[in-house]
1. Report the relative contact order of segment B:454-567, percent, no decimals, based on alpha-carbon pairs under 8 angstrom and at least 6 residues apart.
2. Would you be so kind as to identify which of A:Q74, A:S157, A:H136 lies farthest towards the positive end of the dipole of segment A:18-179, taking Lys and Arg as +1 and Asp and Glu as -1 on Cβ and the Cα centre as origin?
3. Counting partner chain Cβ atoms within 10 Å of every residue's Cβ in B:143-150, what's the average?
4. Rg and Dmax of segment B:22-71, Cα atoms, in Å?
5. Give me a single rounded figure for B:91-104: the average over its residues of other chain Cβ atoms within 10 Å of their Cβ.
6. Step through the table entries B:K244/B:K275; A:K100/A:K144; B:K666/B:K699; A:K32/A:K67; B:K398/B:K486, compare each Cα-Cα distance with 22 Å, and write down the pairs that go over it.
7. If you stretched the chain out fully between B:E797 and B:S923, how much longer would it get, using 0.36 nm times the residue separation minus the C-alpha to C-alpha distance?
8. Report Rg/Rh for segment B:712-800, rounded to two decimals, where Rg is the Cα radius of gyration and Rh the Kirkwood radius.
Amino acid sequence: MPWYTSLFQWFSGLFFSKTADISIVGLQASGKTSFVNVIGSGQWSEEVVPTVGFNVRNVRKGNVTLKIWDIAGQPKFRSTWERYCSGVDVIIFIVDSHDKEKFDAAQFELHQLLSHQTLAAVPLLVLGNKNDLEDHASVNELIKALELDKIRNRAVSCYSCSMKSQHNLDIVLQWLTKHSH
Amino acid sequence: MAFASKKDDEGLSAYYNNKTTVIQEARVFNDSPISPRKCRALLTRVVHLLYIGESFSTQEATTLFFGTTKLFQHKDSALRQMVYLAIKELAGTAEDVIMVTSSIMKDMQPNSEVIYRPNSIRALCRIIDPSMAQGVERFFKAAIVDKTPSISSAALVSSYHLFPNAKDVVKRWANEAQEAVNAKSSTSLFGSSTGGGYLSGWGGSAGQQSSGYQAVPSASYITQYHALGLLYLIRQQDRMAVTKMIQQLGGGKTGAGTTLKNPMALCMLIRYAAKVLEEDPNVQKQMLDLLDGWLKHKSDMVNLEAARVICEMKNVPTFQLMRAIGVLQLFLSSPKATLRFAATRTLAALAVTHPSNVASVNVDLENLISDSNRSVATYAITTLLKTGNEASVDRLMKQISGFMNDISDEFKVIVVDAIRSLCLKFPDKHVSMLSFLSGVLRDEGGYDFKRAVVEAIFEMVKYISACREQALSHLCEFIEDCEFTKLSVRILHLLGIEGPKAPQPTKYIRFIYNRVVLENATVRAAAVGSLAKFGLNSNDAGLKKSIDTLLNRCLDDVDDEVRDRAAMYLRLFRESFLADTYVKEESVFSLDALESKLVSYVNDPSASIVPFDASSIPKISRAQAAAEVARPSSLETVGVPAKKEAAATPQLSAVEAQSAYIQQLKEVPELATYGEVLGSSKPAQLTESETEYQVSCVKHTFAEHIVFQFNVSNTIPDTVLEQVAVVMQPLTESNLTEDFIIPLPSLSSTTSPGIVYVSFTRDSPEEYASGSFQCVLKFISKEVDPATGEPEEDGYEDEYQLEEVELGAGDYIIPTYVTFSSEWDRLRGGASATETFSLSAMESLKAACDSIIEILNMQALGGTEDPSSTSVHTLQLAGLVVGAGGAGKALVRCRMTYSKAQGVTLELSVRAEKEEACSLVVSAIGG
């Protein structure tokens, strides 16, 4: 791009930019890494290697810079979620809304995570992923299954979305922009 | 680095580099945005703390670790490198380190920046667990053959570290490692690093360091060194492959054709060659040719290593040795201190075995006596002491005393050991040496140094009678002001033994009694023992009386042990026959046997109603006991690398083996009811040593049973033997009934050797059953599928003929030590037998002695196992005969004559506590 556009961006970044630290957690194979890929580069792929540990990625959307911590969801990594969620602006919890058998486990892990003192008042965004599949749970079902109504003292939102069809991702981004500073 | 500038200020640096401060400041990891400069400085401090030996608790390390991982968000390359260093160091203690795997793997990708890749590879091998090695295989294979040397090296070194935990996976990388050895470096300039600093890794394990990113220019070919290390690690079990590798990389007879350009790699190759040489004498010729070529290599390091290996080799031809010495001689006049040091050190070690050859470089060594480097001078002098003649000793001693104070304790010990061996070589020089030793004894020094001096003086006392009195008085003087309890106790013991024999024993009493007054309890107790020996061993009535008085005073001591000893010795004074058993007794219990008996006595609750029976414990003479505990005299090991000592560890002594068997048999439930093992034989080989299946047999005697233990080894890697059993068929009437066989369910080459037990009941336990057995090894042989590692379904039954097993008198006898003449007289009234045999087949008295000892399994006493005359000899033997009713002593006197015509004529006299024992011995020789 020509040099003056980048100069302009730098200026506008100086005056209008917002940033947000985001941690993405959730059970394995719920679509966390896909979310980062779709948000970051707009690419969706059927084959995503399971994350070992975590990945970190900086994504710029408009005048918002998102620093995204994508944490692995396999059981052996769940104890480390708290370490990467403390100090962030938003926690995103992704659920596979098609895999209803795992809702109990997801509910347990979510509430386990939120019970940490260090994470008090951090806004929570719950995404029911894979709504392009038949027979997925609706937002209301998710709220019930994950007992989101019992969460107190923090902003909680829940959207149903799909990384594959990119459905509803625009409102997710809006929500994130709202919570950045 | 921020802290480096403040390091001069000691107090501030202590605060600044304090663990707590560092952990508190770790908050900067969570700052937003991150300051790479601050984080890097902090990480440096963390790593610095770890390097100086500070340890973090698991929780602290984990917190720091996770803080560090958050820095992956920043792209600063210097910070990222520091992050990797910190991760490597913290990986050992922190938990959940696996979290960074993804982040590290991202940096390992070929499209990642070159500066990240080596670091990330090195960090990865600390993070992943063995099960993940398979997953990174592709990366590693590619990285090993990468064109960039730093990446290739990193991958090789990491593979080296992964190897112990993931052998199978890493083994598959051998081809890549081979390629890395042969790789032509693209930016090839010559000028390999032949600097002086390479000796830092001289300890022997130079191949195992991998700390940090080494920005080595590719011209050094360091990758070859790493690749060679990995290749060897993969192949080390296979001697043929190693030999082939050495020949291939050695580059032919002159060494010119080698592809190895890195001198360190060549050094490693030379060490491998040395190892192969040691194990397989057949390749000596080829290896020596190679070594000879390396002596002429252009790198000093390689020359030195080759010379060292030749010097340490056994049975090396003299002309070859002289060539190696010639190379070392050149180094002696080198301007580099490291070279001089290495050369003198090698020569010092060589002088122990080949003093005459080393003597040829004495002129050069003389010049080094005044070397400014004290370590070089020390080695030069000790070498000269070993090679020099009597005339030069005094001069050298004077030289040494000149700088004794300048050298470290470690070198002082080397000097003292050299003097010690010198004393024995030139006993006439004892005056100057003793005065030297007593002089250094007064100097400052640590325990090791003082012990070396004291031991040297002990040795002089032992072997050079002329200086005994003088030496003892030096020791007396030393204990007046000795801070080491151990040494005081040893000296007091020696005084107790040697003092009474001196012309004027009284003069030592004062020194010893001073200890009773002034020292701690341990030394006081030793002093009491020492005093008492003067009283007991002296014929002077006046002396006895004074000792009596002194010991009476000790009865008021505050320490129990001191009072007890005093009381005991006072009693011995009154009842002198007791003294014979407690002070003058020449034999002691074999400590290992005594310990295991006592342990089983204490553990067995039912045994506590009867007193402990010590009669079945074999005894050994004091000389034997001393030989057992003696540490290898340091004269032989001066300056020789430590690996040699490890190789020389002696086989388990018979008694230790016995204790091990008892433990092992106890763990077999079927044999638990048999009671105590009365005796175990030495293992006897039932197969040739190079066969497919190797079997050895140990016989265990119980009160009512005989148990045969077969140690079976399967040497074929791809087969598994199942249901392994040994079938024993008595060849003669043996009075034994077979109870059961405990077979092995499965035996592979990795689980070998396994144990098969065969148990027999003794039909009449009061008799000593004997006989021979035909043995057949039976098993089902199954091939192992190399792909799965599982044995195949179908196998075939097979059997394997073993040699016969004999059960004889020796299996009921345990060797023991007694004082023959007195014991022989004591048993006059017991069972006895005398018979005469004609052993016409025997070719000498020595052969007859050996076979009698072997048959009877008894202890030969007083060195009688070696006949001094060729025609007449008396062999004295003692043993404990074990049986159902407890053990009984048996003594044997064999009077033998030898003539060419008739062979050996033997008159066998046996005296034993029991009649059966007596007939057992006679029948064993007669049978």
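What follows draws every value from the coordinates through simple rules; no lab data is involved. This one's a predicted model, so the numbers in the text were calculated from it and none came from an experiment. Here the Cβ is made from the backbone with ideal geometry for all residues, glycine too, and neighbour counts use every protein chain on show.
1. Worked out over segment B:454-567, it gives 20 percent.
2. The listed residue farthest towards the positive side: A:S157.
3. Neighbouring Cβ atoms belonging to other protein chains average 0 per residue here.
4. For segment B:22-71, the Cα-based Rg and Dmax read 10.5, 32 Å.
5. Per residue, the number of nearby Cβ atoms from other chains is 4 on average.
6. B:K398/B:K486
7. Computed gain between B:E797 and B:S923 is 41.2 nm.
8. 1.12
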